[in-house]
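The structure under discussion appears below in the form of structure tokens.
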Amino acid sequence: MATYLTPGVYVEEVSSGSKPIEGVGTAVAAFVGVTAHAPADDPHDVTPRLITNWSEYTRLYGGFVDGAMLPHAVYGYFANGGGSCYIVRVPAANEAGDAAGSDDAGTATTALPAGNRPELETLHVHAIGEGGPYDVVVEIPDTDDNKPATRFALKVLAGGRETETHENLTFGSGSRNVETVVNRESTTIRVEAPPQQGVAAAERVPAAGTYRLDPVAPEPSAIAPTDFEGAEEERSGIRGLVIAEDVTMVAVPDLVTAATTNGDVDLDRFKAVQTTLIDHCELTGRMAILDPPPGLRPQQVKQWRTETAMYDAKYATLYYPWLEVPNPAPNGNGRTRLRVPPCGHVAGIWARNDATRGVWKAPANEVVRGAVNVATAITSGEQEQLNPIGVNCIRAFGTRGIRVWGARTLSSDPEWRYVNVRRLFNFIEESILQGTQWIVFEPNDMALWQKVKRTINAFLIGLWRQGALLGATPAQAFYVKCDEETNPPESIDEGKLVVEIGIAPVKPAEFVIFRISQWQEGAEAIE
């Protein structure tokens, strides 16, 4: 409290008391899986990386590549309205980025000989981008007085067409150092200069010529379930997402390729990783978006769900069937379509639904963008067997397009049956948690209790007005209790402040029933 000793007028800023609660983000996805290569700016980084668009993803990780489903999931996420997301890279056995400089990197790596000393391997070039093969052209500019060249240019050709040019490169420590420039700017190659003790920079200039590069597809089949699980202390895998506190939904699109050997899916490995993902989401309050094993008919999915998977989780959802999308490289295998897991597209639909309607609206009856068909057509009779056990179907409805036609979790508890109810509570809980941090260590008295009630009431009234809560009046939609009853003296002595909040969430009209009968003329109409 200020002390006043001199007569005069004083102006003080006084806190209004209550602090408004702002809603937290609800649609930040995380994808765990295999990429075309390691991040372009750090070949050894396996920590979660935040990206905001598809171009940024391709710049860091490359694009589509055989043997990886994560790129398709990320592309589907952005195509369906997703905003930002985290990428958690699980290194594959022969991944080009990890194989840089190794002897088994195959045709993904080539060593350039020095022009003046052919016995030296002056530069290692690694293919990292999508597509290919590539031709790397080394050009040496003309020099005066026949002096040895100290600078050179690297050009990348795809299909005979020049796609990248990096000029005025050197092996010195200046701003045009070849490793610094190429690794920062290129989206198709990465270079590595092996140490050459006692060799002058001019002697390390590579020989002019054209060198062939073919990207090597990653091999997810060699990845173990523990690789997907990762470690919290290493910030890797699913457990590494502890550092990405804003993530609200997690998917593992490459689980299927990692669990497939010689065309057969190892269901035990499949379940082991999904169980780890569910456990992570149950602990952190995130939503797990699960994919079924590929190629299953509706009856087989029901059998797998009830006899093999047997998940009972209010923080997990399952979508069936897989989706057919355009093949980004049909010349490679002759197929114009690929079958991909639906998790990425579904995550994007959740984000789009949150932005246009709100997290309280069930993310169903929404068009799946980017899909040309479903892998398995589902009839209403078949969905009658799947919907009660929490399998959300994706169905083709002719001129109405391909739509998500289910909004259930995998919980047997009727309170948490619907995805939107679980996500609404996640949103409210996290918003209140973040917006009431100012309460900690405040005097625990009646004045604080009233401030807390006003703060939470204002937040919930805002949600009710937007249609998130059920009830004709705020009193029917929610209540907030913080008084002597919830905070008796013994609780106050323990340093606790207890607030009870009751919420009536809106639930989706899953079954719309119109009862129609014949009406006889002259009979009294029923209103």
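The values are calculated or read from the model by the stated rules, or taken from the named source; none is laboratory data. Just so we're clear, the structure is a prediction, and the values are computed from it rather than from any experiment. Cβ atoms come from the backbone with ideal geometry, glycine included; neighbour counts cover every protein chain shown.
Side notes on the structure shown:
- Conditions (1) within 23 Å of the chain's Cα centre (by Cα); (2) under 27 Å from Arg305 (Cα atoms); (3) not in a loop (DSSP other than H, G, I, E, B): number failed by Pro363: (3)
- Tally of residues being in a loop (DSSP other than H, G, I, E, B) and touching a residue at least 60 places away in the same chain (Cβ under 8 Å) across segment 463-486: 2
Residue-wise test of (1) under 17 Å from the mean Cα position of the chain (by Cα); (2) not assigned by TED's automatic domain parsing to the domain that holds Gly82.
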{"residue": "Pro7", "(1), (2)": "no, yes"}
{"residue": "Val11", "(1), (2)": "no, yes"}
{"residue": "Ile21", "(1), (2)": "no, yes"}
{"residue": "Ala38", "(1), (2)": "yes, no"}
{"residue": "His44", "(1), (2)": "no, no"}
{"residue": "Leu50", "(1), (2)": "yes, no"}
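- None of Leu296, Leu318, Leu277, Leu267 is touching a strand residue (DSSP E or B) at 6+ places or on another chain (Cβ under 9 Å), hydrophobic (A, V, I, L, M, F, W, C) and surrounded by fewer than 24 Cβ atoms within 10 Å (Cβ to Cβ) except Leu296.
Residue-by-condition table, conditions (1) touching a Lys or Arg at 6+ places or on another chain (Cβ under 6 Å); (2) free of Cβ contacts under 8 Å to residues at least 24 places away in the same chain; (3) within 28 Å of Ala92 (Cβ to Cβ); (4) not in a strand (DSSP E or B):
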| residue | (1), (2), (3), (4) |
| --- | --- |
| Glu167 | no, yes, no, no |
| Arg184 | no, no, yes, yes |
| Tyr211 | no, no, yes, no |
| Pro218 | no, no, yes, yes |
| Thr226 | no, yes, yes, yes |
| Val242 | no, no, yes, yes |
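- For segment 251-280, residues that are in contact (Cβ under 8 Å) with a residue 24 or more places away in the chain and either acidic (Asp, Glu) or assigned to a helix (DSSP H, G or I) (or both) total 16.
- Residue list for segment 287-319, filter: hydroxyl-bearing (Ser, Thr, Tyr) and either in contact (Cβ under 8 Å) with a residue 60 or more places away in the chain or part of a loop (DSSP other than H, G, I, E, B) (or both): Thr306, Tyr311, Tyr315, Thr317, Tyr319
- Residue satisfying all of: in segment 175-203; modelled with pLDDT under 80 and not aliphatic (A, V, I, L, M); nearest to Val125 (Cα to Cα) among these: Thr188
- Sole exception among (1) in contact with a helix residue (DSSP H, G or I) (Cβ under 6 Å, 6 or more places away or on another chain); (2) closer than 24 Å to Thr409 by Cα for Cys482, by number: (2)
- Scan of segment 2-45 for residues that are in contact with a helix residue (DSSP H, G or I) (Cβ under 8 Å, 6 or more places away or on another chain) and surrounded by fewer than 21 Cβ atoms within 10 Å (Cβ to Cβ), ordered by number: Gly17, Ser18, Lys19, Pro20, Ile21, Glu22, Gly23, Val24, Pro39, Asp41
- Residue within segment 487-501 that is within 25 Å of Leu448 (Cβ to Cβ), touching a strand residue (DSSP E or B) at 6+ places or on another chain (Cβ under 8 Å), of a type outside the set (A, V, I, L, M, F, W, C) and surrounded by 10 or more Cβ atoms within 10 Å (Cβ to Cβ) present: yes
- For segment 378-429, the tally of residues that are in contact with a Phe, Trp or Tyr (Cβ under 7 Å, 6 or more places away or on another chain), more than 14 Å from Asn365 (Cα to Cα) and either basic (Lys, Arg) or assigned to a loop (DSSP other than H, G, I, E, B) (or both) stands at 2.
- Annotation note: of Trp438, Trp449, the sole residue that is within 33 Å of the chain's Cα centre (by Cα), assigned to a helix (DSSP H, G or I) and surrounded by 12 or more Cβ atoms within 10 Å (Cβ to Cβ) is Trp438.
- Residue within segment 334-341 that is assigned to a loop (DSSP other than H, G, I, E, B), closer than 28 Å to Val24 by Cα and under 25 Å from the mean Cα position of the chain (by Cα) present: no
- Of the candidates Phe478, Phe441, Phe425, the single residue that is touching a Pro at 6+ places or on another chain (Cβ under 8 Å) and either among the polar types (S, T, N, Q) or outside the structural domain of Thr317 (by TED's automatic domain parsing) (or both) is Phe425.
- Members of segment 206-222 found to be at pLDDT 85 or above and not aromatic (Phe, Trp, Tyr), listed by number: Pro206, Ala207, Ala208, Gly209, Thr210
- Whichever residue in segment 384-402 is buried (at least 18 other Cβ atoms within 10 Å of the Cβ) and in contact (Cβ under 8 Å) with a residue 24 or more places away in the chain and, among such residues, is farthest from Thr275 (Cα to Cα): Ile402
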